[in-house]
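Read-outs: derived from the displayed coordinates by stated rules, not from any lab. All of these numbers come straight from a predicted model, not from anything done at the bench. No Cβ is skipped: glycine too gets one built from the backbone with ideal geometry, and neighbour counts run over all protein chains shown.
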Amino acid sequence: MKTITRATKAELAKGWEYAPAPEAHDYIKLRSRYGLFIGGKWLAPHSRKYFATINPATEEKLADIALGDPEDVDRAVKAARHAYDRYWRRLAPAARAKYIYRIARAITERSRELAVLESMDGGKPIKESRDVDIPLAAAHFFYYAGWADKLDWAFPNAVPRPLGVAGQIIPWNFPVLMAAWKIAPAIACGNTVVLKPAETTPLTALLLAEIIEQADLPPGVVNILTGPGPTGSALVNHPALDKIAFTGSTEVGKIIAKACAKRNRHVTLELGGKAANIVFDDAAIDQAVEGIINGIFFNQGHVCCAGSRLLVQESVHEAVVEKLHRRMQSLRVGDPLDKNTDIGAINSKQQLKKIEELAASGDQDGCRRFQTECALPARGYWFRPTFFTGVALSHRIAQEEIFGPVLSVMTFRTPEEAVDKANNTRYGLSAGVWTDKGSKNFKITSQLRAGVVWANTFNKFDPTSPFGGYKESGFGREGGRHGLLPYLELT
Amino acid sequence: MKPARLPVRKTYKLFVGGEFARSESGRTMAIARRDGTHHVARATRKDVRDAVRAARGAWAGWRGRTAYNRGQIIYRLAEMMESRREQFVDVLLSGGATAREAAREFEAAVDRAIWYAGWCDKIEQVLSTKNPVAGPHFNVSSPEPTGVVGVLAPAQPSLLGLVSTVIPPLSGGNVVVALAPSSDPLSAIAFAEAAATSDMPKGVLNILTGEPAELLPHVAAHFDVNALDIWTADSGLAERAHVAACESVKRVRRSGTRDRKFWFGDASQSPRWIEAFMEIKTVWHPAGV
């Protein structure tokens, strides 16, 4: 039998054409314009202003979205307060649970619709929205539904009480999943919420509002308020809130934290990250390469816990870089609705500019750039999967969160050096370790200053598993029993 | 007639990095007590920085010890307090307490230290979870110390309040920079002397005397301080410190009671005081062959 050399394999991979396999979206019925979901009703915004949400893969407008102003924020907070006092805090916990179970079920029933819409509005590949975002969102509601009537058992020797009305602000990278992470624990604990989805990705949160409407939740328990940054700012500064939960950048997180400090308001923050993904020479290298690819290219790298700093032990650096480069070439970049697509569109023009600017700084700092050679669509926002070698700790691409498909590769010699370099960041959200030696694995994972550590795996999520950061990556946990604490007062 | 022996007076200093040092500024403040006026070191921003550096340097060693060993050291600290009963009671008496009040506060303080000593090797069990994730993974969440904790000790009760606020973060594996109340800093110095003879490694606990209102903003703004306990700060000072703390995303414990009686009740000792300065780390391991 003829031996297939590496070179031939690479040639084969190049010649391998995939027929398009687009997910149908003709059954998605978008309204031409969306109002604000306040007090169980769809309201026109006070400002009468709307903004367009576009498909980043085609630059076509999908719908007009209501622009909430401070008046609308006030209406939403009042509706949430009313719902808290009138219905939600008085409801039997078991009934609260059943409402939330309804939401979980309805998400599963409409999962395909949600997945397609998520990919259209945000640019992420359909295989990710279909297999990760939507199932996890449903599972999150299902998990916290069960806690609603078991809170007395969660924390020993403490009486749990809801905080009241929570303002919640979420990012554009996992729109409906982040909405689930925020809403499910909050309402399970007996709070009511005003949620502001991100400006560029409001559609699935609005579909979730429809689901909540159809689940017959008491009006005002969940309010969805769309708008750009100033809408979020008005929400954070509304005097009648009891709690703010924010997921987004560290810069905005600090502004929100200060606003909450001035009002002495409860706050939890899930902020940026610059995770180290450490590969030791005793790791299963092929598996590690798959983990590196998943760690940085999952969701175009628009992931706060992305493994964006690769630390490779010097003795295997050359082999890892070669394999990584080869594996990267097989990633298919393009139409997010195509089931074969690995890398979708960059979420917005603004984000694309930021990625381009930071990648250019890598070139200027003298790092070596590796990219895929595939063709990119003519319209839309795209960035080729990229990694840099020769990166030093002081380089911007080693310190700043790029939030795109750009990996910075560095090396180390000893485990101590790996830990030092991994912890040399203001962030502390996540980290990865690849080694086949069990005792080393336990030692290194315990020394990494990060809230989530993946050992011989990466980017795994589950509703039962607490997620959140150390240091400037924020505080508070989402998921698991620990994820109840941000929405309870224990006395 | 032979004259009565002339007593030796004490110089009251800061406790930084396991050493008793004057403020780098040479400043002191006068504290009038029943037994005369004492001059206590008045720490500065530079002293805060030195204390944070000492604390950070001691952290790896402290958190690296076994929980059992940390428990033994905190227990040993309680032993040292007990053996210095007379000193502590005298300090409390000189601050205006009656003999009965002094004894009660001292005993409550020692008992509190013992209570938390016992938590060192239990807190992880109480706060940890093994999470039944839907997939072939072994997944656990457990607490780890957050790092350097700045503590504003309650103004009253000066000894029990200090013990109740510095021991919980220490038992979780954190290191502490504590600001003693300016109204009554002598108990804090007596406590530092007990700590210095208790096998507690240098730098794990640092105590600064001075004007907390002057020092706290520097602790709050310091980027190498991970958390802040300003539970008993008045609202104006608490707000300023909290806003400054946001720049480095500190964990802040705030808005408690300023009632001295609180510290004698059951509610003032709780594993929640340890938990406030712990981070939850979740680790995923694939399970397979």
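Quick look at the numbers
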{"quantity": "Over 22 Å [Cα-Cα, segment A:43-202], rounded percent", "calculated": "49 percent"}
{"quantity": "Partner chain coverage, peptide A:437-443 - average Cβ within 10 angstrom", "calculated": "1"}
{"quantity": "Rounded to whole Å, sorted largest first: equivalent-ellipsoid semi-axes of the protein assembly as shown, Cα gyration tensor", "calculated": "50, 32, 22"}
{"quantity": "Charged-residue dipole, Cβ positions (Lys, Arg, Asp, Glu), chain B about Cα centre, Debye nearest 20", "calculated": "480 debye"}
{"quantity": "Average other protein chain Cβ within 10 Å of Cβ, residues B:219-228", "calculated": "1"}
{"quantity": "Rg/Rh (Cα only; Kirkwood hydrodynamic radius) as it applies to segment A:282-372", "calculated": "0.97"}
{"quantity": "Net charge over other residues, Cβ less than 12 angstrom from the Cβ of B:Asp35 (K, R count +1; D, E count -1)", "calculated": "+3"}
{"quantity": "Dipole-positive endmost among B:Val243, A:Gly253, A:Ala288 within the protein assembly as shown (Cβ charges, Cα centre)", "calculated": "B:Val243"}
{"quantity": "Over chain B, relative contact order from alpha-carbon pairs under 8 Å, at least 6 apart, %", "calculated": "25 percent"}
{"quantity": "Student exercise, segment A:11-121 dipole from Lys, Arg, Asp, Glu Cβ charges, in Debye to nearest 20", "calculated": "1120 debye"}
{"quantity": "Contour excess over end-to-end distance, with Cα ends at A:Tyr87 and A:His25 and 0.36 nm allotted per residue", "calculated": "18.5 nm"}
{"quantity": "Amide H contacts under 5 Å for A:Leu62, placed H, 5+ residues apart", "calculated": "A:Thr53, A:Ile54, A:Asn55"}
{"quantity": "Tensor-based shape of segment A:33-116 (alpha-carbon gyration tensor, a/c under 1.5 rounded, otherwise prolate or oblate)", "calculated": "oblate"}
{"quantity": "Mean-position separation - Cα centroids, segment A:116-153 and segment A:48-103, in angstrom", "calculated": "17 Å"}
{"quantity": "Selection from A:Ala378, B:Pro271, A:Phe298, by position along the positive dipole direction of the protein assembly as shown (Cβ)", "calculated": "B:Pro271"}
{"quantity": "Cα centre as origin, Lys/Arg/Asp/Glu Cβ charges: the protein assembly as shown dipole, Debye", "calculated": "1260 debye"}
{"quantity": "Close Lys-Lys pairs in segment A:207-316, where close means Cα under 16 Å and separation is 8 or more or interchain", "calculated": "4"}
{"quantity": "The protein assembly as shown: antiparallel DSSP beta bridges as a percent of all, rounded to 5", "calculated": "40 percent"}
{"quantity": "Alpha carbon centroid spacing (whole Å) that separates segment B:27-70 from segment A:418-491", "calculated": "31 Å"}
{"quantity": "Sequence of A:Ile54, A:Ile255, A:Ile212 once ranked by neighbouring C-beta atoms within 10 Å, starting from the fewest", "calculated": "A:Ile255, A:Ile54, A:Ile212"}
{"quantity": "Three-way shape call for segment A:216-313 based on the alpha-carbon gyration tensor, with the a/c threshold at 1.5", "calculated": "prolate"}
{"quantity": "Exposure proxy ranking, count of Cβ atoms within 10 Å, fewest first, for B:Arg42, B:Arg258", "calculated": "B:Arg258, B:Arg42"}
{"quantity": "Gain on full stretching of the segment that runs from B:Asp234 to B:Asp90 - 0.36 nm per residue minus C-alpha separation", "calculated": "49.0 nm"}
{"quantity": "Length released on extending from B:Ala60 to B:Thr11, taking residue separation times 0.36 nm less the Cα-Cα span", "calculated": "14.5 nm"}
{"quantity": "Under-5 Å amide H pairs with A:Leu311, H placed in peptide plane, nonlocal only", "calculated": "A:Asn277, A:Ile278, A:Val279, A:Met410"}
{"quantity": "Built amide H within the under 5 Å cut-off of A:His266, gap 5+", "calculated": "A:Ile244"}
{"quantity": "Footprinting exposure proxy for A:Leu43, B:Leu208, A:Leu484 (fewest neighbouring C-beta atoms within 10 Å first)", "calculated": "A:Leu43, A:Leu484, B:Leu208"}
{"quantity": "Model label zone, A:Lys437; criterion: amide N under 20 Å from point 7 Å along Cα-to-beta-carbon; scope segment B:261-289", "calculated": "B:285-286"}
{"quantity": "Residue (of A:Ala184, A:Leu241, A:Gly432) at the positive-pole extreme of chain A, dipole from beta-carbon charges", "calculated": "A:Leu241"}
{"quantity": "Global geometry of segment A:401-488, whether rounded, prolate or oblate, following the gyration tensor of its Cα atoms and the 1.5 cut on a/c", "calculated": "prolate"}
{"quantity": "Length-normalised contact order for chain A - Cα pairs under 8 Å, 6+ apart - percent", "calculated": "17 percent"}
{"quantity": "Part-to-part distance (alpha-carbon centres) for segment A:252-277 and segment A:373-406, which is given in Å", "calculated": "26 Å"}
{"quantity": "Lysine pairs within chain B, Cα separation less than 29 Å, 8 or more sequence positions apart or different chains", "calculated": "20"}
{"quantity": "Relative contact order of segment B:4-148, defined on C-alpha pairs under 8 angstrom at six or more residues apart (%)", "calculated": "19 percent"}
{"quantity": "Estimated [θ] at 222 nm from DSSP helical runs (n ≥ 4, -39500 (n - 2.57)) normalised by residues in chain A, nearest 500", "calculated": "-11500 deg cm²/dmol"}
{"quantity": "Inter-chain shielding of B:143-152 (mean C-beta neighbours from other protein chains, 10 Å cut-off)", "calculated": "1"}
